[in-house]
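Below: one structure, written as structure tokens.
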Amino acid sequence: MRITALLSELFIYIPAVLMYTRWMGRYYNKASPIDQTIIAAAILYQPSLIIIDHGHFQYNSVMLGLSLFAIVNLLENNYALCSVFFVLALGFKQMALYYAPIFFFYLLSVCIFPFSKMNLLRLVSIGVSVLFTFVLMFLPFVYKGGFGQIIQILIRVFPFDRGIFEDKVANFWCASNVIVKYRKIFTQDQLKKLSLLLTLAGIAPSSITIFIKPSKKLFTWCLASCSLAFYLFSFQVHEKSILLPLMPITLLLNEVDPDVISMVCWIANIALFSMWPLLKRDQLSLQYFVLGILSNWLMGNLSWIRMYLRMAKIPVLARELATPVLPHNLFWRFVIISSYTLATLLHILDYFFEPPKQLPHLWVISNVVLSFGCFMLFWCWTNYKIIQKATSKVKAN
Amino acid sequence: MSTQYNFSLWNIWVASTLLKILLFPAYYSTDFDVHRNWLSITKLLPLNRWYLENTSEWTLDYPPFFAYFEWFLSLFVPASVSQDGCISLLAKGEFGMPTVIFQRSTVIVSEIVLFISLQYFVSKSSNLKEKKRNFVVASSIVLSPGFFMVDHIHFQYNGFLMGILVFSIVNAKLGNYLQCGFWFAVLLCFKHIFLYIAPSYFVYLLSAYCLDSRARFPTTISDTFNYVKWKNLFRLASVVLGVFAVAFGPFIYYGQLYIVLQRLFPFSRGLTHAYWAPNIWAIYSLIDRVLIQVALRVPGTAPILSLIFKQLDLERLKTANTLTRGLVGDVEFFVLPNIQPNHTFLLTLFYQSLSLVPLFLNPTFERFIGSMTLCAWASFLFGWHVHEKAIMLIIIPFTFLIPRDRKLLPLYETLTASGYVSLFPLLFGSAEWLFKALLTFVWFVIFSNSFNEVCDFSSTTSRRVFILDRLNFFYIVGLIPLSCVIQLLDIQSRNFEVLQRFEFLRLMAYSTYCAIGVISSWNMFSWLYFLDDTLWERREAKQKAH
């Protein structure tokens with residue numbers, strides 16, 4: 001079983017990431033092949049994904065890889081193939097819906113703008129390929145059990161009657177539940193509508209931008225923002241779902257801007273941190289710490305230790321500090337440092353003290369609140385970046 | 001920026017340590033309980049009871065320094081770990097994860113000695129080219145899959161012992177003979193398996209430090225007297241004896257020296273270990289097994305065989321005719337003559353002394369390392385009850401020689417490939433298979449390439465035998481299907497009863513196939529050692545010749 005997970009990653013996720021960075025290197029950031037490889041390695045060496053797929057055991061990398069193939073094909077203007085891959089990803093795991101609005105709006109906008117020469121043929125070909133793939137996927141089930149099967153599948157796949165959140169997840173509902181007890185105020189149906197409304201509001205900025213301005217530069221940013229919005233506001237989210245926003249977020253490493261890189265590293269760490277309760281239950285705490293430290297070390301985030309070591313006269317790299325660990329913006333510096341401090345504090349408390357009797361989930365809840373705060377801030381930042389990028393391009397034109 | 005290297009093992013240390021921490025929950029062998037028991041013995045009992053204690057079958061059978069080392073470690077056992085069952089004298093230890101974490105981290109911490117010694121080795125190189133080379137040597141040693149498998153999964157403390165050996169080797173290279181002798185004496189008092197290479201140390205230090213090489217070869221008594229540098233001899237002797245006195249002194253005081261020595265050298269064990277180490281005796285046992293089958297299956301061969309070898313008792317043969325036999329480690333041969341301890345001892349001594357003669361006549365550093373390698377090799381191939389782990393004792397000194405000449409590289413590749421693969425059966429779980437196989441493969445590819453880059457081409461005409469080169473290559477590649485197939489059979493043996501009966505056959509396949517590699521690389525090395533003199537000259541002399 002473990003080997004199947006390894007192999008599926010090897011054959012689907014890794015080639016997809018390589019293709020993505022190759023494309024980015026060629027058309028976007030003009031990175032040299034060695035840099036491309038380094039970026040790809042940094043994307044692949046993602047502790048959260050490794051630990052969930054191979055420790056907790058899931059096949060996320062298949063779905064992520066298929067979505068990545070869709071992205072790559074989209075970047076190369078193979079729209080039909082892109083939609084086929086995306087439908088496959090959806091068919092593998094319904095979670096790929098987190099990406100769906102962006103794909104949908106991008107493809108739509110590519111087809112219908114400019115109005116004067118609407119590309120109907122393209123629209124039809126995309127539609128046909130989507131339908132065809134869906135039909136192909138469901139055909140075996142229909143063949144065996146008639147159309148009732150499909151409804152059964154849909155019910156299984158989208159369990160809306162399970163409540164707004166199950167475990168402690170670092171999203172809006174769970175975090176604000178500390179103050180407002182939603183389940184007492186609203187009924188299940190009202191909650192569904194509320195979450196739908198909030199999700200729509202959350203994905204609106206990115207979707208609208210990509211609809212108005214279908215630019216390849218914005219695509220990854222919009223994916224990141226949109227899937228993060230889904231994670232934050234939608235119904236029935238798992239801790240593991242953070243992997244979905246995390247994939248496009250790590251793809252942002254292709255922006256060779258040090259500020260972006262440090263932000264991405266930060267959010268990757270927070271994502272790992274947000275899964276701590278789950279991993280602790282799975283007895284993966286050792287792997288959690290080691291992988292976390294190792295990835296940060298490889299990213300150069302721990303180079304500040306080196307400075308202190310040099311004072312202690314231990315022979316270490318005489319290289320200058322390569323990447324700035326913190327972004328230049330003072331506000332973000334403050335946020336990042338304080339969030340790390342709080343996270344460390346929580347770990348220490350969690351290890352040494354039992355939570356108070358009347359609040360048995362205190363540590364978990366504070367973990368949720370802290371990660372939620374960080375995700376929320378990051379989401380705002382991505383939206384800010386999207387708008388900034390979208391408008392700056394207008395000026396350039 | 002990239003033109004300036006700094007040759008620091010720091011990054012390797014960080015990365016490999018994190019990897020080793022990930023290995024914490026992996027399989028551990030009975031050696032783990034052995035060391036845990038020693039911790040308890042040294043913690044709970046007074047010194048004079050250490051070598052008498054026998055509650056558990058894992059009695060203390062390492063020399064005193066190792067016992068002191070365990071005592072030192074036992075000072076750091078936290079209360080939570082000792083409550084977990086780490087410190088208790090039982091026949092069989094009962095412990096949980098905290099004990100495992102504690103003991104595994106002691107291995108990692110003690111291995112720092114190896115890193116420090118190799119960093120010292122790198123920093124002592126004279127020029128940039130040599131530094132580059134030594135860095136490759138150093139990193140190949142610290143990343144060696146042998147340490148990962150034996151120390152960090154199987155559980156032993158070889159890392160820091162090898163570190164001490166490296167200290168001694170570096171001092172020999174620098175010409176600090178006293179320190180070289182000192183470190184080696186310390187090492188011997190840690191683990192007596194290093195006696196394998198003691199002859200070459202003895203001859204080297206005697207010839208290079210205690211004898212006057214410029215003087216005439218002694219013919220009269222007074223000549224002999226002048227031939228010896230008495231001052232050096234006394235210095236060295238006092239250092240070495242001092243170390244031994246510190247180690248064994250307390251036990252001599254209690255009058256237990258004999259007991260200690262008896263613990264250290266148990267001759268009651270069999271010729272081969274439960275799993276045959278890949279040496280001559282593996283091949284010998286294989287031939288015996290094959291002949292048993294021949295005698296039983298092919299009519300008419302039994303009388304011929306008994307004519308050649310020894311009187312065959314067919315009844316006994318039939319009872320012996322199970323392939324599972326051998327798991328208990330019995331050493332009775334049914335067709336071939338039985339082997340006694342003194343046979344193996346004589347064979348070992350013979351091959352060791354062969355390698356010592358050139359060293360005595362021409363005590364250069366290169367010869368010294370060469371003879372050390374050969375001594376370890378001879379003991380490994382012919383010794384009594386050799387563990388497969390002793391292969392590290394050949395590989396580690398050998399690594400220091402590789403950059404000398406490209407000619408050594410192919411045989412080093414054969415040796416490391418077969419040697420490390422022969423360690424695979426130590427970790428028989430299927431969970432570790434991917435790790436050990438991948439690690440060995442990656443290590444092999446990386447370092448055979450980097451050695452290829454930094455090695456010197458020999459100035460003499462290179463004698464490459466094309467067929468042998470190819471054969472070598474095919475042999476090494478053959479190890480991959482070997483280990484894959486055996487692992488598959490291992491997994492399948494859970495499903496099929498038939499395969500379980502052949503478990504020993506699988507181990508036999510490992511040890512005989514690897515034995516071929518170890519023995520043939522030994523042949524190649526001996527050839528170069530005895531016949532290719534330019535390889536072993538002092539480096540300065542070689543440079544002058546150019």
Net +/- balance of residues flanking B:Thr399 in space, Cβ distance below 13 Å, scoring K and R +1, D and E -1: +1
Interchain or long-range residues, amide H under 5 Å from B:Val386's placed H: B:His273
Two-decimal Rg to Rh for the protein assembly as shown - Kirkwood Rh, Cα set: 1.03
Gyration tensor (alpha-carbon) shape descriptor, segment A:2-396, a/c threshold 1.5: oblate
Footprinting exposure proxy for A:Leu7, B:Leu47 (fewest neighbouring C-beta atoms within 10 Å first): A:Leu7, B:Leu47
Inter-part distance where segment B:338-386 and segment A:181-248 are each reduced to a Cα centre, Å: 72 Å
Measure of compaction for chain B (Cα Rg per 2.2 N^0.38 Å): 1.01
Chain lengthening between B:Phe473 and B:Val298 when straightened (0.36 nm per residue, less Cα-Cα): 59.4 nm
R0 of 41 Å, Cβ-Cβ distance B:Phe202-B:Glu503: FRET efficiency to nearest 0.05: 0.45
Förster-model FRET efficiency, 22 Å R0, A:His54 and B:Leu438, C-beta, rounded to 0.05: 0.95
Aspartates and glutamates whose Cα lies under 14 Å from that of B:Lys191, excluding same-chain neighbours fewer than 8 positions away: B:Asp61, B:Glu70
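For segment B:157-251, build the convex hull from the C-alpha positions and give me its volume per residue in Å³. Walk me through the intermediate numbers first.
Details: hull volume 10.3 nm³, N = 95.
Expressed per residue, the convex hull around the Cα atoms of segment B:157-251 is 108 Å³.
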Out-of-range pairs (alpha-carbon distance over 18 Å; input A:Lys181/A:Lys357; A:Lys240/A:Lys280; B:Lys124/B:Lys407; B:Lys173/B:Lys231): A:Lys181/A:Lys357; B:Lys124/B:Lys407; B:Lys173/B:Lys231
Electrostatic dipole magnitude of the protein assembly as shown [Cβ: Lys, Arg +1; Asp, Glu -1; Cα centre; debye, to 20]: 2040 debye
Cβ-based exposure ranking for B:Trp71, B:Trp276, B:Trp50, in which fewest neighbours within 10 Å come first: B:Trp71, B:Trp50, B:Trp276
Helix runs (DSSP H) in chain A reaching 15 Å along axis by Cα, Kyte-Doolittle at least 0.5: A:33-44, A:60-75, A:79-92, A:100-112, A:120-145, A:188-212, A:216-233, A:258-274, A:285-298, A:330-352, A:362-396
Amide H within-cut-off set for A:Val237, under 5 Å, with H built and near neighbours excluded: A:Glu166
Separation in nanometres of the label points that stand 7 Å from Cα toward Cβ, at B:Leu257 and A:Ile212: 9.5 nm
Cβ-placed point charges (K, R +1; D, E -1), dipole of chain B about Cα centre in debye, nearest 20: 1120 debye
Using θ = phi - 60° and Karplus 6.51 cos²θ - 1.76 cosθ + 1.60, couplings along segment B:157-165 (whole Hz; Gly, Pro as x): 10, 6, x, 6, 5, 5, x, 5, 4
From the C-alpha gyration tensor of segment B:24-109, square roots of 5λ in Å: 19, 14, 13
Positive-end residue, chain B charge dipole about Cα centroid, Cβ charges, pick of B:Val298, B:Phe530, B:Leu488: B:Phe530
Distance (nanometres) between label positions extended 7 Å along Cα→Cβ at B:Phe350 and A:Arg183: 8.3 nm
Spin-label pair A:Thr37/A:Lys144, simplified geometry with 7 Å Cα→Cβ offset, distance in nm: 4.5 nm
Exposure proxy order (Cβ contacts within 10 Å, fewest to most) of B:Lys43, B:Lys129, B:Lys231: B:Lys231, B:Lys129, B:Lys43
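Read-outs: derived from the displayed coordinates by stated rules, not from any lab. These numbers were taken from a predicted model, which means no experiment stands behind them. Using ideal geometry, Cβ is built from the backbone for each residue, glycine included, and neighbour counts are taken over all protein chains shown.
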